[in-house]
Every structure is written in C-alpha cells, then in structure tokens.
1. Out of residues 5 or more away from Val239 or on other chains, whose amide H comes under 5 Å of its own, with H placed 1.01 Å from N in the peptide plane?
2. Using the heavy atoms of the protein chains and a 1.4 angstrom probe, tell me the accessible area per residue for the chain in square angstrom.
3. Between Val76 and Asn30, how high is the FRET efficiency from 1/(1 + (r/R0)^6) when r is the Cβ-Cβ distance and R₀ = 22 Å? Nearest 0.05.
4. Please compute one quarter of the surface area of the Cα convex hull for segment 130-211 and express it in square nanometres.
5. With label points built 7 Å along Cα→Cβ from the Cα atoms of Leu169 and Phe253, find their separation and express it in nm.
6. Which of [x] 19.4; [y] 21.0; [z] 22.0 is the computed Kirkwood radius over Cα pairs in Å for the structure on display?
7. What aspartates and glutamates could a cross-link reach from Lys150, if we take a straight Cα to Cα line under 20 Å and drop same-chain neighbours fewer than 8 places away?
8. If r is the Cβ-Cβ distance from Leu296 to Ser202 and R0 is 35 Å, what FRET efficiency results, to the nearest 0.05?
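The values are calculated or read from the model by the stated rules, or taken from the named source; none is laboratory data. Just so it is clear, the model here is predicted, and its values are computed rather than measured. So basically every Cβ, Gly included, is an ideal-geometry build from the backbone, and we count neighbours across all protein chains shown. Ligands, DNA and RNA are excluded from the accessible area calculation, which covers all protein heavy atoms including side chains. Shrake-Rupley method; radii C 1.70, N 1.55, O 1.52, S 1.80 Å.
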Amino acid sequence: MMVYGMKNKRNETMLDAKLRIFRMAATLCNFTRAAAALGMTQSNVTGQIRRLERELGAELFRRDGRRLELSEAGRVLFREAELLADEEERALRLVRNAVGSVPGFELGATMTAGGFVLPGMIAGFLREHPGRVRLNLRVANTAEISERLKRNFYDLALVEGPFDERFFLSQKLIDDELLLVGSPRLPVLRSERPELGELFRSGVPLLLRERGAGTRFYFEQFCRNLGVELEGQPQVLTVNNFDAIRAMLREGFGVTVISKFAVREELRNGMLTARRFAEGEIHRSLNFIYLAGDALAFAEEFIAFCRARIRNEVEDFSL
C-alpha cells in the first residue's frame, strides 16, 4: 500500500492477536520472517499459531521439506481473515473521517494504472489541495480490485480489465494499447508486424501476468479470437509482477504483451522495442469504477481532475 498526504501515526487493530499473527505468517509462509515483521520472537509466533490450531481443531500449516505452506483449513482461514482485516480497516477509516478534520480515502488500481498512470494524478491533486485529504493507494489485479470495491473497501478504483458494468458506476480515463515488447536484438521483433504464429514458432519465452490480470485477459481474448489457446503453450511463463517482467526483458530474456505506459522509459531510450501483431491491434481503456456511496462527491471531483490533467501527465507513442 502506498499512502499519500497526511500519515496516520496510529496502528490500531481490533483483530484477535492470534489471527493477526496468523495473517502475517500466512502471507510470508515463514515463521522467522513473520516474527521479525511483528517484532516478536519466533517461539512466540509458533506458540500463538499452535494455540489457534487447538482452538479451531485444525492444522493450519504443513511443511513440505523445508517449505512452509497453508493447509486447506489454513487457506480458508486466511481468506476470511483478509476479509475481516478489510472490514476492520474500513470501519476505523470511517470513524476517523467522522471525528477528524482531514478525511481519508482508499484508492484501488490495477498494475498498469497504479504503477504508471495514477501516481502522477494523485501527486497533482494533493499539490492543488494541500492538507485537505489523505489518500491511500493499493495495487492489485482487476478481479481483486472489483471484489474489494463491491465490499466498499475502496472509495474509487482505476482498472484496465473488464468489470461488471451493471454493478459499478464508471467513467473512462484514457484509451490504452497492448504491444508485443522485448529486446530489439530478438529476431522475432525485427519484423514490423510479427505474426502470432511466428512468435510461438520462435520458441522465445512469453512472459505474461497471472490470470485475473487485465493485461492477460485482453491478450487471451485476442488469441482466442484467432483460434489460439495459450493454455498448454510451453513457452508461456507466468510472472505476477511488472517490475520483474521489465527486468527480464531488459536482460534480453523473452518478450511480453504489455501496456505502452508500462515501458515508456525503455521504449524512449531504445532498450526495448514494441511491435503490433500482423493479425491486429489490442486496444482497451482505463476506467474509473466506483459506487454511489458516502465518497461519491470526492470520487467525482478526483475523476474530473484526472480527466482534465491526463494529456499532460501521460505521453503517447507512435510506432
């Protein structure tokens, strides 16, 4: 999570201590690192987990050699604990907003939007409204953002993937295009318009985001329309982090299908090159989605600000 504006120095939590410790251990899958993150001893963490297991009558973790992983019961508890933590944080935020002079709002964003488009907008908004609001930004994939927004955890979200238009209010921010990107040294990118079949025949690793990510959804849809299924393609590697994908591309390893906004610096300096497929182009839009709740006035003001500023904040590329 990224926090903009005023920082909240309090760290209140209403969650049971054992459940809070379990969440950290489940997130890190390591008792030693969980203890360090919580400022506790490893024996204390282990003891609390064991007490929680006795109370529930279920094993929460299993060891596979040296690796610690959640059991089926542990996965169920972790999912529910995450929901409880979201509800707790939302309740605390609403109470603080009711009694405080500086309201806080939660913004959600998918990877492209949250990493490369929205931060400049947030900075500009806060510069124009100093001390008026506190904004938190959380980055996740489209599926996770949509579920949390439905539970009113977010006040506003910017997504690049499909969303339920019957459930959310929405406003388009900008059009986007997905491009085939990699090192200019790769033979498959020497053609001005490489064919999809040529890419698969080349054997070059294809680095893609995880399922549930907007980028992957639109590329899979593009392939499916051409009668190509990505499932079972041996060169497809799933990497759930844009920075990791970009680092691998800069090393000359593989290609990806990615937003032009995510690699604009590398395209500008010639480290990477981008191509459109011979079979067609992959277009989508970045959309704000939100609900008609207590934060409606803020959401619409922030959206209006972003739409007025977008042409100055985001560069376009002509290929």
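1. When sequence neighbours closer than 5 places are left aside, the close amide H contacts are Leu208, Arg209, Glu210.
2. For the chain, the solvent-accessible area averages 51 Å² per residue.
3. 0.60
4. Spelled out: convex hull of the Cα atoms, projected over all directions, averaged, 9.1 nm².
5. Taking the simple label geometry, Leu169 and Phe253 are separated by 4.6 nm.
6. [z]
7. Filter leaves Glu80, Glu82, Asp86, Glu87, Glu88, Glu89, Glu106, Glu160, Asp164, Glu165, Asp294, Glu300.
8. Efficiency computed from Cβ-Cβ geometry: 0.10.
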